[in-house]
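Asker: I am attaching a structure below and will ask some questions about it afterwards.
The values are calculated or read from the model by the stated rules, or taken from the named source; none is laboratory data. Worth saying up front: this structure is predicted, and the values here are computed from it rather than measured. Here the Cβ is made from the backbone with ideal geometry for all residues, glycine too, and neighbour counts use every protein chain on show. With ligands, DNA and RNA removed, areas are computed over all heavy atoms of the protein, side chains included. Shrake-Rupley method; radii C 1.70, N 1.55, O 1.52, S 1.80 Å.
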Amino acid sequence: MVTTHNLGFPRIGAKRELKFALESYWKGESSLDELKALGAQLRQRHWAHQADLGLAAVGDFAFYDQVLDMSFTLGNLPERVQGFHGDTLDNYFRVARGRSAKGAEDHAACCGGVAAGEMTKWFDTNYHYIVPEFSANTEFELDASRLLEQLAEAKAQGVKAKPVLVGPVTYLALGKARDDSDKLALLPRILPVYAELLATLAAQGVEWVQIDEPVLVTELSARWQQAYVTAYDALANCKVKLLLATYFGQLLGNLPLAVKLPVHGLHLDTINARAEVDAVIAHLPRDRVLSLGVINGRNIWKTDLAGVLDWLEPVAQQLGERLWIAPSCSLLHVPVDLASEQKLDAEVRSWLAFALQKLDELNILATALNQGRDAVQAELAANSAAIAARRASSRVNNPAVKAALAKISPALGQRKNAYPARAGKQAALLKLPPYPTTTIGSFPQTSTIRHARSQFKSGALDEATYRNAMRAEIERSVREQEALGLDVLVHGEAERNDMVEYFGEQLDGYAFSQFGWVQSYGSRCVKPPILFGDISRPKAMTVEWIKYAQSLTTRPMKGMLTGPVTILNWSFVRDDQPRSVSCYQLALAIRAEVLDLEKAGVRVIQIDEAALREGLPLRKSQWKEYLDWAVTSFRITANGVDDETQIHTHMCYSEFNDIIASIADMDADVITIETSRSDMELLDAFDNFNYPNEIGPGVYDIHSPNIPTEEHVVQLMKKAAERIPAQRLWVNPDCGLKTRQWEEVIPALTNMVAAAKRLRASA
């Protein structure tokens, strides 16, 4: 019999219950006990959804981030939060976001908050994890309380539990040594704690433990490969069975290593590594389980069940009970339940599967393998009909879009003149001071804004009233910025629900869910639009709002757009054509918007590419192909304008040092990037690379409620000036301000502007 299991479930809740509970607690509006109770309710519900599986994931639930959970389990707390009293969860939130709830900050040492942990992307996803921090002196000490509590809950519910852990090598690889010490030197210290944890789980009657090692799908040096041998040799005698889980890519050169490690089972992501199944079977010892990830855990299209069975049935015959099947990775990256989507386009809806539907697909496959296809004949027939209907739909393919793609030429990606010539013309037109100040685009999305949008979408508010309400909010943002003394203004994006969804709603080829929320970090959720067909822009999307904002002020107003690579990477994308083709379609659509903004008199245009790095293949050997089409797509979007029009781009919460040459090749006049959480570490790239254009290193960490001081901003900018000539530096926050409150934003920007003035005075 084939065993089914799950690598992880969406933790935020079908109706974002965890998000609202977290934010209520952080505001001091609810108690810690209420938050914990809500977490227990969600876990109970999620395990019930997995009741038909052979093994359900336990320990995948986190109040903020699973990597941060692992840091606390291993006793690896940053020194700045050690010794704080109160509940462990409050300390956990201090690391995650700089502070916990208002009511929990009850002594002077933490009332002003602490530096939040650095945040970056989880491999090539839009999920952000809190980066573990190490030093040469780091010690580890087990705290298994969180995992044991969840395991006890699962047992009480009768759940067939499989605890989930981040593996020791991946944990070290994902962290940063703050003193530049050797992270691998910590392996002998961390392994005894893992061994103790596994022994603790064994004592609770646990049979299987899933230990996630996705770093195995990346390029590893000989030292890091040896670290795997050392680690799993040390854990080989533990009294639980280890399922080593890899996902997001192929093993390639690490395949011989992975199959030889002394574990009891190996999980392979066949959405990405289908071609490696035969090689793994040939070399995996005959006493090991092989888990195959046969359902896509990162996209929302229905699985072609008959197609999977065609190749999976011979594998099942060969492996027998050694075969397990699962989603390719944790279902954290998809929405919870398609059944909630009553307003989604019916045809598109028939092509989709969210987390619960993916578990249904998994059970259908298992029944077909265990009992024969006839046992699920009706289900397979319905699935095949949906797959065929999508392939044949006239809504998917647009001949006019394909004709436009055929006309793309290198000339579309070229500005009229190089940056030095453009910079002089822009300076003469914009007349900005040294260290010009700006923000990244959005201002707080207040309850008033959200209520008006909700009322408008439900039909309770007519369009004219809604537009007047948004204009009032835009005017408020403009007036606040003028009072603050900012140099280049933004309209605040009051009318926008999300930086990707807003544009997708106005492009042909997209569909939208009501409840398709996916966790991005902590309480922050996004609702990725569904890119199902060829993309085109029927009409201008932003021009009217930006023109109105510009009419309110004599200062330069930035037009705010989301770039094609980010729209692509933050959508649920088509799986029936190369990603590059969809990106070029988006580039042509956004290019048309850029040109319309310029015609309307907008002379500063920001094209956000926050997700450029996120789309990188996990192996450097594959980067060039991606960067070639990604950078080309941006250049097609941005480079049809006159020299006098200043093009900005923005990137956040990723490592850019190793792709800095490609970023320079984008040839944006100004780039703004996140640097505050990393204390300007992201500017290390400029030690050895002469970046040619202007840059705004973010000095205000907008993902924390902490307010930066004027002195802090000055010091960060002085660090930046050690690498970038001062005349090419801008002063700005890390990212947009939509998730913050006005009472935080005003003092933070006041300090930022004061710091810029101080820098000018000393220049």
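Asker: Let me spell it out: the conditions are (1) within 21 Å of Gly320 (Cβ to Cβ); (2) touching a residue at least 40 places away in the same chain (Cβ under 8 Å); (3) surrounded by fewer than 23 Cβ atoms within 10 Å (Cβ to Cβ), and Asp287 meets all of them except one. Which number is the exception?
Answerer: So Asp287 meets the others, but not (2).
Asker: Scan Arg677, Arg728 and give me the residue that is open to solvent by 10 Å² or more (accessible area, probe 1.4 Å), basic (Lys, Arg), modelled with pLDDT under 95 and within 27 Å of the chain's Cα centre (by Cα).
Answerer: Testing whether each residue is open to solvent by 10 Å² or more (accessible area, probe 1.4 Å), basic (Lys, Arg), modelled with pLDDT under 95 and within 27 Å of the chain's Cα centre (by Cα) leaves just Arg677.
Asker: Turning to a different aspect of this structure: Does Leu749 qualify as being modelled with pLDDT under 95, under 22 Å from Ile671 (Cβ atoms) and open to solvent by less than 10 Å² (accessible area, probe 1.4 Å)?
Answerer: no
Asker: Among the residues of the stretch 56-72, are any more than 26 Å from the chain's Cα centre (by Cα) and surrounded by 15 or more Cβ atoms within 10 Å (Cβ to Cβ)?
Answerer: Narrowing the stretch 56-72 to residues more than 26 Å from the chain's Cα centre (by Cα): none.
No, the stretch 56-72 has no match at all.
Asker: Modelled with pLDDT of 95 or more, under 21 Å from the mean Cα position of the chain (by Cα) and either of a type in the set (Gly, Ala, Ser) or crowded, with 23+ Cβ neighbours inside 10 Å (or both): is that true of Ser523 in this structure? Steps first, please.
Answerer: Numbers: modelled with pLDDT of 95 or more: yes; under 21 Å from the mean Cα position of the chain (by Cα): yes; either of a type in the set (Gly, Ala, Ser) or crowded, with 23+ Cβ neighbours inside 10 Å (or both): yes.
Yes.
Asker: Would you say Leu319 is among the aliphatic types (A, V, I, L, M), open to solvent by 10 Å² or more (accessible area, probe 1.4 Å) and within 28 Å of the chain's Cα centre (by Cα)?
Answerer: Criteria not met by Leu319.
Asker: Can you go through Gly113, Gly83, Gly167, Gly98 and tell me which one is open to solvent by less than 10 Å² (accessible area, probe 1.4 Å) and at positive phi? Walk me through how you get there before you give the answer.
Answerer: Values: Gly113 fails: open to solvent by less than 10 Å² (accessible area, probe 1.4 Å); Gly83 fails: open to solvent by less than 10 Å² (accessible area, probe 1.4 Å); Gly167 fails: at positive phi.
Only one candidate passes the filter, namely Gly98.
Asker: What are the residues in the stretch 247-303 that are of a type in the set (Lys, Arg) and under 30 Å from Gln519 (Cα atoms), if any?
Answerer: If the condition is that a residue be of a type in the set (Lys, Arg) and under 30 Å from Gln519 (Cα atoms), then Arg274, Arg298, Lys302 are the ones that fit.
Asker: A further question on this structure: Name every residue in the stretch 391-411 that is touching a residue at least 40 places away in the same chain (Cβ under 8 Å) and under 16 Å from Gln577 (Cα atoms), in order of residue number.
Answerer: Correct list: Arg391, Ser393, Arg395, Val396, Asn397, Asn398, Val401, Lys402, Leu405.
Asker: Return yes when Leu151 is within 27 Å of the chain's Cα centre (by Cα), more than 22 Å from Gly98 (Cβ to Cβ), assigned to a helix (DSSP H, G or I) and in contact (Cβ under 8 Å) with a residue 60 or more places away in the chain and no when it is not.
Answerer: no
Asker: Still on this structure, I have one more. I need the full set of residues from the stretch 355-394 which are more than 30 Å from the chain's Cα centre (by Cα) and among the acidic types (Asp, Glu), in order please.
Answerer: Passing the criteria: Asp374, Glu379.
Asker: Looking at (1) out of contact with any helix residue (DSSP H, G or I) (no Cβ under 9 Å at 6 or more places or on another chain); (2) crowded, with 23+ Cβ neighbours inside 10 Å, which one does Ser551 not meet, given that it meets all the others?
Answerer: Only one criterion is unmet by Ser551, namely (2).
Asker: Looking only at the stretch 427-449, how many residues end up being farther than 17 Å from Trp730 by Cα and within 22 Å of the chain's Cα centre (by Cα)?
Answerer: 4
Asker: When the stretch 410-424 is examined, which residues are found to be under 35 Å from the mean Cα position of the chain (by Cα) and open to solvent by less than 50 Å² (accessible area, probe 1.4 Å)?
Answerer: Leu412, Gly413, Arg415, Tyr419, Arg422, Ala423
Asker: Would you mind stating whether Ala366 is in contact with a strand residue (DSSP E or B) (Cβ under 7 Å, 6 or more places away or on another chain) and of a type in the set (Gly, Ala, Ser)?
Answerer: So Ala366 passes the test.
Asker: I'm told Phe634 meets every condition in (1) surrounded by fewer than 21 Cβ atoms within 10 Å (Cβ to Cβ); (2) of a type in the set (Phe, Trp, Tyr); (3) touching a Pro at 6+ places or on another chain (Cβ under 9 Å) except one. Can you identify the failing condition by its number?
Answerer: (1)
Asker: Let me ask another. Could you check the stretch 528-637 for strands (runs of 3 or more DSSP E) lying wholly inside it with 2 or more residues that are over 24 Å from Asn732 (Cα atoms)?
Answerer: Fully inside the stretch 528-637 and qualifying: 530-536.
Asker: Moving to a separate point now. Out of all the residues in the stretch 393-405, which are more than 17 Å from Arg537 (Cα to Cα) and exposed (fewer than 12 other Cβ atoms within 10 Å of the Cβ)?
Answerer: Answer for the stretch 393-405, where residues must be more than 17 Å from Arg537 (Cα to Cα) and exposed (fewer than 12 other Cβ atoms within 10 Å of the Cβ): just Ser394.
Asker: For the stretch 442-449, check the following and say yes or no: at least one residue is out of contact with any Lys or Arg (no Cβ under 9 Å at 6 or more places or on another chain), in contact (Cβ under 8 Å) with a residue 40 or more places away in the chain and among the polar types (S, T, N, Q).
Answerer: Yes, there is a match, as at least one residue in the stretch 442-449 is out of contact with any Lys or Arg (no Cβ under 9 Å at 6 or more places or on another chain), in contact (Cβ under 8 Å) with a residue 40 or more places away in the chain and among the polar types (S, T, N, Q).
Asker: Going through Lys241, Lys183 one at a time, which residue ends up being open to solvent by 20 Å² or more (accessible area, probe 1.4 Å), more than 27 Å from the chain's Cα centre (by Cα) and among the charged types (D, E, K, R)?
Answerer: After ruling out the rest, the residue left standing is Lys241.
Asker: If you don't mind, there's one more thing I want to ask. Testing Lys431 on (1) modelled with pLDDT of 95 or more; (2) in contact with a Lys or Arg (Cβ under 9 Å, 6 or more places away or on another chain), one condition comes back false. Which one is that?
Answerer: (2)
Asker: Please specify each residue of the stretch 701-719 satisfying the condition of being among the acidic types (Asp, Glu) and either open to solvent by less than 30 Å² (accessible area, probe 1.4 Å) or closer than 13 Å to Leu749 by Cβ (or both).
Answerer: Passing the criteria: Asp701, Glu710.
Asker: Then there's this: Can you name the residue in the stretch 212-238 that is part of a loop (DSSP other than H, G, I, E, B) and not acidic (Asp, Glu) and is also most open to solvent (accessible area, probe 1.4 Å) among such residues? Reasoning before the result, please.
Answerer: Taking the stretch 212-238 and keeping what is part of a loop (DSSP other than H, G, I, E, B), we get 213, 218-221, 235-238.
Next, from what is left, pick out any that are not acidic (Asp, Glu): 218, 220-221, 235-238.
Values: Thr218: 24, Leu220: 35, Ser221: 59, Leu235: 3, Ala236: 35, Asn237: 142, Cys238: 31 Å².
Filtering first and then ranking leaves Asn237.
Asker: Of the residues that make up the stretch 481-490, is at least one surrounded by fewer than 17 Cβ atoms within 10 Å (Cβ to Cβ) and either of a type in the set (Lys, Arg) or touching a residue at least 40 places away in the same chain (Cβ under 8 Å) (or both)?
Answerer: So far as the stretch 481-490 goes, yes, one or more of its residues are surrounded by fewer than 17 Cβ atoms within 10 Å (Cβ to Cβ) and either of a type in the set (Lys, Arg) or touching a residue at least 40 places away in the same chain (Cβ under 8 Å) (or both).
Asker: Also: Give the stretch 585-644 a look and list any residue that's within 25 Å of Gln550 (Cα to Cα), of a type in the set (S, T, N, Q) and in contact with a helix residue (DSSP H, G or I) (Cβ under 6 Å, 6 or more places away or on another chain), or say none.
Answerer: Result: Thr637, Asn639.
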